[in-house]
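Coordinate-derived values only; no laboratory data. Here the structure is a predicted model, which means the values were calculated and not measured. Cβ placement follows ideal geometry from the backbone for every residue including glycine, while neighbour counts extend to all protein chains displayed.
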Amino acid sequence: MTAFDLDRRSELEAFKRLNLSLIASSFGYEIDRRKSTRHSVLMESGNDKIIVAQNGQHYVYCSVYDTASSGTVIDFAQRVIDPGCSLGRVRQLLRPFLNSGYVRKTESRCSGRFAKEIRPSETDLVGVAARMASFVPIAPSHPYLTEQRGVPADLLTSKRLTGRVLCCPRRGSVVFPHWGRPAGGGEADRCLVGYEIKGPGVNLFSKGGRKGLWMSAGRPGDRILAFAESGLDALSYLAVRADADARAASVSGRLNPDQPALMLAAVRRMEEGARVVAAFDNDEAGDRLTEELAAIVVDAGRSDLSFVEDRPRQRGADWNDVLKREPQRNTAGEVASPRLGR
């Protein structure tokens, strides 16, 4: 291998480290800040949408509508900027961005249309974010939730759930986004890490994602934080209990190693005198989750917090079973006896 070959390889490596968000903005794309996070950026140009993220030292992208269109800035040049172009053409397109003066002029010209910084994320989460960008807000008359599962339409349209429950427009499935910690640590609940998928005969978790926490929106003064096994169970609990001061969370089944820390952070954020509720299914899995949540509340070190069980009385039942039996009622008789309280 010659020195010339090494130099050309080094140049390709340098291209991969360029801010792909800035490059995309120079070719007509613009950031949608409402649907972007610190770790993944949604950009639009006409009818096209892409997700831009950083994987290690390389910037990567994924098309929202064409999952085959993904990769580094080199792939972006060959598939989006000038489809099918040669590496020689790629060099012509990207070499100007190695010049700091050109970059400053481009940043000025594209001000507000790109992300200056994208924190590193995991490669699989780029695809998760791309698929999430294709989902739409849930309709208040969603047939699966309102007709089959008994969830009240007014709950789906409440501020508690704005942006928290989505729908896949192609399949009609319900989507519950999960938020957690980015790769390598960082602040909890700030990075999209996956999503639950529910529908007739469908009970899945997003491909390439991992479980964090789904949560309804919190409000100042909330005095209840209820944890359920699924997003549907959490919605059902909110509907049955109908408590204006309650927020709910879903763990989507058995806890993974990341979730206890997320739950602990959520518990610690509650205001003084709040109550943490185990609203899990009344079965062996729910028994185990209730014990784990009780230990988390103890670990929070908050003597002002109380912990109670509030699970369906019938063995084998979940809160959606309760909701379908007695829709839109505050069924106080369903409360199980607390195992732990303060």
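Worth a mention:
- Per-residue Cβ neighbour counts within 10 Å put 319, 214 in the sequence 214, 319, beginning with the fewest.
- Partners for residue 105 among lysines (Cα-Cα distance below 17 Å; same-chain residues under 8 apart left out): 116
- Relative contact order, percent, the range 135-334 [alpha-carbon distance under 8 Å, six or more residues apart]: 18
- Between helix 123-132 and the chain: long-axis angle, C-alpha atoms, 0 to 90°, nearest 10: 70
- A simple rule links phi to the HN-Hα coupling: the Karplus curve 6.51 cos²θ - 1.76 cosθ + 1.60 with θ = phi - 60°, which for the range 146-157 gives 7, 8, 7, 10, x, 6, x, 4, 5, 5, 5, 9 Hz, with x for Gly and Pro.
- Note on the range 135-334: Kirkwood hydrodynamic radius from all Cα pairs is 16.8 Å, rounded to one decimal.
- Centre separation in Å (Cα based) which lies between the range 59-99 and the range 20-55: 14
- Proxy reagent accessibility, fewest Cβ within 10 Å first, across 270, 263: 270, 263
- DSSP assigns beta bridges within the range 3-127; of those with both partners inside it, close to 95 percent run antiparallel.
- Partners for residue 211 among aspartates and glutamates (Cα-Cα distance below 15 Å; same-chain residues under 8 apart left out): 122, 124, 189, 196, 229, 258
- Over all other residues within a Cβ to Cβ distance under 12 Å of residue 144, the charged ones net out to +2, with Lys and Arg as +1 and Asp and Glu as -1.
- Its residue count N sets the reference 2.2 N^0.38 Å, and the alpha-carbon radius of gyration of the range 75-190 equals 1.55 times that reference.
- Beta bridges by DSSP in the range 135-334, antiparallel share as percent, to the nearest 5: 60
- Selected from 55, 99, 203 as most flexible by GNM, with the chain as the system and alpha-carbon contacts under 10 Å: 99
- Theoretical ellipticity at 222 nm over the chain - DSSP helices of four or more residues, -39500 (n - 2.57) apiece, nearest 500: -8500 deg cm²/dmol
- By the compact-protein rule of thumb, 2.2 N^0.38 Å, the alpha-carbon radius of gyration of the chain corresponds to a ratio of 1.16.
- 110, 168, 191 arranged by Cβ crowding within 10 Å, fewest neighbours leading: 168, 110, 191
- Axis angle, to the nearest 10 degrees, between helix 259-268 and the longest C-alpha principal axis of the chain: 70 degrees.
- Stretchable slack from residue 100 to residue 268, in nm (0.36 nm times residue separation minus alpha-carbon distance): 56.0 nm
- In degrees, nearest ten, helix 100-109 long axis to first principal axis of the chain (Cα): 60
- DSSP bridge pairs, the chain: antiparallel proportion in percent, nearest 5: 70
- Cα-based equivalent ellipsoid, the range 3-127: semi-axes from gyration tensor eigenvalues, Å: 22, 16, 15
- Relative contact order (%) - criterion: Cα under 8 Å, at least six apart; region: the chain: 12
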